[in-house]
Amino acid sequence: MHATASPCGRSSSGQQARNSNGRGAAGRPIRIARVIARLNVGGPAVYTISLTAGLEPTQFKQWLVAGVAASHEGDMLAEADARGVRPIIVPHLGRAIDTQDDLRAFSSLVRLFRRLRPDIVETHTAKAGVVGRLAAWATGVPVTVHTFHGHVFHSYFSPVRSAIVRRIEQLLALRTTRIIALGPAQRAEIMAYGVGRSEQVVAVPIGLELGPYRASRIQRGRLREELGIEPDTKLVGIVARLTAIKAHEVFLKAATAVRRLLPNARFIVVGEGERRAELAQLAEDYGLAPAVHWLGWRRDLPAVYADLDVVALTSRNEGLPTALVEAMAAGRPVVATRVGGVPTLVAHGETGLLTASGDTSALASSLLAVLCNRQLAERLGAAARDAVYPAYDLSTFLPRMANFYRGLVTR
C-alpha cells in the first residue's frame, strides 16, 4: 500500500467506529456496505465481488449493494452467486444520470443504511460514489471510502461537464475518510486534479484470482479449434467493453497495418457494448471483417488468453485494467496505452510495451515487434507473469484490505 501517511485516521467529521481489537462496536465483526452502480462485466464488478466473497466472515459482515446493468453490458450476478454473494439490488442505482432516479436511489440507500447500520460505507464507480456517500453522511455512518477504478475527469464528457464532475469529486473528498487509487500513478493523477489530500488518498493495487490464468497454458489450442484457426496463425486480442473510452477504433486501424505485413493475422475482440454495430461496420470499411472475430463476453477467459500471441489495450483513460493483469498472469505479452495506472503495471520494454494514447502507428509497430520476434514475446510474457503474481493475487490483496479496514475503525 502506497501513501505519504498512514491510512489510519479520523474522518473530517471526527467520527470513527472504535475498538482496540480492530473489530466493530462491542467486538462484533466490522460492518461494511459496499455500493456500486451496477455489476456489469468488468473490473469494478470483479473487484467488489472478490472482496465481498473473500474477507473472513467472522471478522467482517458485508453487503454488496448494486444497481442494474444495461442489457448490452452483461452482468456478473451469476459469478456473484457462485461465490456466495447475494447483492442487494437498488433498481434506480444505475449508470445513467437522472434526477428522479438518483433521488430514489438516495432514499433507498438512506433506508438501507439505517437498517444495516454499517461501520463503513465503501463506494465504487462515479455515480454510486456520489449517491452512496451522501446517503452515508445523511445517516451518520462513521467511515466513508471511495475507490477510483478509473475516473471520468477527461475523455468521457464535454469540457464543461468534465469540469463540473471534477468539482463534485473535489467537494465530496472533503468529507470522505479515505480515497483508494489502484496504484501510485493513478493516485498522483487523481490528486493532480485537486481531489483529496496526500494523507487521505492511498494506493491499493487490485487483487484477482490468478490461479486459472497462470495455469492457462493447459488450455492452449481450444480457442483456435473453436474458431477454425491454424496453430501458426498470429492472433492479436483485446478484452474490453465496446465503449468509446476503450478506443477500439485505434485497435482496428492498427490491425490494418499489421495485416499489411502479416496478411494471415487474425484479431480477437472480447467484450460487448453500445458500439458493437458501429465497430463491426468500421471493420468492414477497413476490409478487416473476415479477419476479426467478435466473441462477446466469455466465461472462459483463461482459454482465450492461452491462444493469443499478444494482448492489446487502447484505452484513453484507465485505472488499473483487470484485463491486463489477467493477460500478464497468463504469460501473454501486452501492448498498452500509457494512461492512468497502466505504467504502474507495465514496465515498458520489461513486462510489456507502452504507446501513447491514440497513436495508431506506434501501436501497430509495437504489435508487429512482438509478433515478429518470438524471443521478445517470450521474454515479455515471462516477465509479465512474474510481475503480477503474487503482487496482484487475492492472496496478497485480501489481507491488505482487511488491515486497511481494521485501521479505519481503530483510530
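Laboratory data are not the source of any read-out in this text; all were calculated from the coordinates shown. Values in this document were obtained by computation on a predicted structure and should not be read as measured data. Virtual Cβ from ideal backbone geometry, glycine too; neighbours counted across all protein chains shown.
Considering only C-alpha atoms, what is the centroid distance from the range 288-307 to the range 26-83, in Å?
That distance is 27 Å.
What Kirkwood Rh does the range 211-388 have if only Cα atoms enter the pairwise 1/r average? Answer in Å. Before the final figure, lay out each step's value.
Details: mean 1/r = 0.0634 Å⁻¹.
15.8 Å is the Kirkwood radius here.
Lysines near LYS234 by alpha-carbon distance under 25 Å, same-chain residues fewer than 8 away left out - which ones?
Partners found: LYS246, LYS253.
With just the Cα atoms of the range 166-278, tell me how far they stretch along each of the three principal axes, in Å, largest first.
Ordered largest first, the range 166-278 gives principal extents of 57, 34, 25 Å.
With runs of 4+ DSSP H residues as the only contributors, calculate the mean residue ellipticity of the chain at 222 nm using -39,500 (n - 2.57) per run, divided by the residue total and rounded to the nearest 500. Could you put the intermediate results ahead of the total?
Working: 16 runs with 169 residues, N = 411.
Per the formula, -12500 deg cm²/dmol.
Compute, for the range 269-348, the length of the dipole vector about the Cα centre, with Cβ point charges of +1 (Lys, Arg) and -1 (Asp, Glu) only. Units Debye, rounded to 20.
On the way: 7 positive and 10 negative charges, 48 e Å.
Rounded to the nearest 20 debye, it is 240 debye.
If you take the charge dipole of the range 211-388 about its Cα centre, with +1 on Lys and Arg Cβ and -1 on Asp and Glu Cβ, which of ALA387, VAL258, GLY358 is farthest toward its positive end?
ALA387
In what sequence, highest mean first, do 384-392, 364-372 appear when ranked by Cβ atoms within 10 angstrom?
Highest to lowest by the protection proxy: 364-372, 384-392.
Highest mean first, how do 194-207, 97-110 rank when packing is the count of other Cβ atoms within 10 Å averaged over residues?
Top to bottom by mean Cβ count within 10 Å: 194-207, 97-110.
Could you tell me the center-to-center distance, by alpha carbons, between the range 108-170 and the range 179-213 in angstrom?
16
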